[in-house]
Amino acid sequence: MGSLTLHNDSTWQYYQVKTAAYGPSKTALNAYTVVLAYELKDTAFKINVVDPGYTATDFNHHGGPRHVTDAAKDIVRFATLDENGPHGIFYSVDNNAETGISPW
C-alpha cells in the first residue's frame, strides 16, 4: 500500500484502495527505508522493506488469502540475509509473485 508507482497504475489489483492514513504511513516508511539503505550502503546491514502481503489476520477479519506462516517465512528470510543478500529493495509477493521486487 506504500508504493506511489502502483497507486498510479490503474491495472494494479489494489488500485481502488486509497486510505487517508494507512497508505501514506507506508509510503513514509518506504521513503525512510530508501534513505536508510543509502546511509548504510557501505556496512554489513541489509536494509529492505518486506511486505507480508494481504495476510489473514485479526486486523482484516481473516479476509486475506495469505497464511501467516507464509508471510513469516518471507520476513525471517530477509532478517537472516547474508552479505550477498539484496539491499534497498521493496519486497512484496502481492505485487510481484515471481521476484517479489516491487516499485517504490
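Numbers at a glance
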{"read-out": "Residue in segment 9-21 that is out of contact with any helix residue (DSSP H, G or I) (no Cβ under 9 Å at 6 or more places or on another chain) and assigned to a helix (DSSP H, G or I) present", "value": "no"}
{"read-out": "Test: residue in segment 64-84 that is touching an Asp or Glu at 6+ places or on another chain (Cβ under 7 Å) and not polar (S, T, N, Q)", "value": "no"}
{"read-out": "Segment 25-81, residues that are touching a Lys or Arg at 6+ places or on another chain (Cβ under 9 Å), within 22 Å of ASN96 (Cα to Cα) and in a loop (DSSP other than H, G, I, E, B)", "value": "ILE47, PRO52, GLY53, TYR54, ALA56, LEU81"}
{"read-out": "Which numbered condition ASP70 misses (of (1) free of Cβ contacts under 8 Å to residues at least 12 places away in the same chain; (2) more than 18 Å from TRP104 (Cα to Cα))", "value": "(1)"}
{"read-out": "Some residue of segment 13-28 being under 16 Å from the mean Cα position of the chain (by Cα), surrounded by 14 or more Cβ atoms within 10 Å (Cβ to Cβ), among the hydrophobic types (A, V, I, L, M, F, W, C) and at pLDDT 95 or above", "value": "no"}
{"read-out": "Looking only at segment 43-80, and only at residues there that are surrounded by 14 or more Cβ atoms within 10 Å (Cβ to Cβ), more than 23 Å from TYR14 (Cα to Cα) and of a type outside the set (Val, Ile, Thr), the one that is farthest from the chain's Cα centre (by Cα)", "value": "LYS46"}
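The values are calculated or read from the model by the stated rules, or taken from the named source; none is laboratory data. If you're wondering where the values come from, they're calculated on a predicted model, not measured in any experiment. So basically every Cβ, Gly included, is an ideal-geometry build from the backbone, and we count neighbours across all protein chains shown.
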